[in-house]
Each structure stands twice: as structure tokens, then as C-alpha cells.
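The values are calculated or read from the model by the stated rules, or taken from the named source; none is laboratory data. Every value quoted in this text rests on a predicted model; they were computed, and no experiment measured them. Every residue, glycine among them, receives a Cβ derived from its backbone with ideal geometry; neighbour counts consider all protein chains shown. Just so you know, the surface numbers come from the protein's heavy atoms only, side chains and all, with ligands and any DNA or RNA stripped out. Shrake-Rupley method; radii C 1.70, N 1.55, O 1.52, S 1.80 Å.
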Amino acid sequence: MARLDRTAIRNLLKSAVLIAIILLAAVRFYFDHVPVGAPFQPWILARVEGPILKSPDGKRMLRIFFNGAGAMHSGNHWTWIVEDCWWCGWRVVDEGYLDYDAIVTKSVPLTWEANNEFHAEFLPGRYSGR
């Protein structure tokens, strides 16, 4: 078996590092467009942007998105509460069903608690009311 010289080993290491950096950049780019925890197809094809909510002290920002794929005719809307994370991109921090009025009025039943935590009151199912 032939021995690799230092130049060949150095080139292999450079290539491995470059491939790792490219893969990490691709994953980060993906999660900039599709949040961690959201399915690809509904997010890309059917999301409807809702309100942006800020914590009382202004340090935490949540963005609300609704799945608008036919839900107006078939029940409540699936809703994602999304937060930006500087190292992993967007991530879903909570999700559930909200009724059509939440989309029209852009009001989400969300209350802020201690330490910038929140509680969202989602509906129990696709066809159920409050």
C-alpha cells in the first residue's frame, strides 16, 4: 500500500474541512427558510404570515404563521409560533390550532409569563371550538 505524503494528507484535510463548512452552511441556509420543527411542504407552499409579538421587556420576539392550505373551508388553522435563533435559524417554539378569527384580527391568544416564557391557548382540535 502506498504511503501518502504530507501534501496529499494536507489536501485531504483541507477538502474535508471545506466539505464540512459547505454542509453546515447549507443546513443553516435551509433553517433560515424552513424552521426547525415545521414540515417543508406546508411551510413553503401554504404559510400565511401573522403578527409579530414581543415580550413585555422587548427581549424576545415571536412570529406567528398560519397554514392557509384550505383551512378556511375545513376547520381551524394550524398555527406555528416561530422564534429566530442566531445559531440554528428559525425554530418552532409552539404550534396548534387557532380559529379563523385569529387570522382575520391578527390576534393570538398568547400570554406572557415570568422569565419571558409564554403560554398560547390553542384549540383542542381541527374542528373544535373554544
Fill in: Relative contact order (%) - criterion: Cα under 8 Å, at least six apart; region: the range 1-116
22 percent
Discussion item. Suppose a student asked you for the relative contact order of the range 62-130, using Cα pairs under 8 Å spaced at least 6 residues apart; what percent would you report?
Written reply: 27 percent
Discussion item. Restricting to DSSP loop positions (anything but H, G, I, E, B) with no more than 15 other Cβ atoms inside 10 Å of their own Cβ, which trypsin sites (Lys or Arg not before Pro) remain in the range 1-83?
Written reply: Arg3, Lys59
Practice prompt. Obtain the radius of gyration and the Kirkwood radius of the chain from its C-alpha atoms and give Rg over Rh.
Written response: 1.23
Item to complete: Divide by every residue of the chain the summed helix terms, -39500 (n - 2.57) for each DSSP H run of at least 4, and state the resulting mean residue ellipticity at 222 nm, rounded to the nearest 500 deg cm²/dmol.
Response: -10000 deg cm²/dmol
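Percent of accessible area on the range 62-113 owned by carbon and sulfur, 1.4 Å probe? Each step should come with its number before you reach the end.
On the way: 1370 of 2560 Å².
The C+S portion of the solvent-accessible surface of the range 62-113 is 54 percent.
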Worksheet, complete the sentence: Expressed per residue, the solvent accessible area of the chain in Å² (1.4 Å probe) is about 69 Å²
Discussion item. For Glu95, what accessible surface area do you get with a 1.4 Å probe? Give it in Å², rounded to 10.
Written reply: 70 Å²
Item to complete: Within the chain, what's the longest run with no chymotrypsin sites (Phe, Trp or Tyr not before Pro) in a DSSP loop and at most 15 other beta-carbon atoms within 10 Å? Give the range, please.
Response: 1-85
Practice prompt. Please list, or write none, the lysines whose alpha carbon is within less than 20 Å of the alpha carbon of Lys106, excluding same-chain residues fewer than 8 places away.
Written response: Lys54
Worksheet entry | Calculated Rg and Dmax of the range 1-60 using C-alpha coordinates, Å | 21.2, 67
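Heavy atoms only, 1.4 Å probe, whole protein assembly: order Val92, Val48, Val104, Val34 by accessible area, highest first.
On the way: Val92 30, Val48 60, Val104 85, Val34 0 Å².
These residues rank, largest area first, as Val104, Val48, Val92, Val34.
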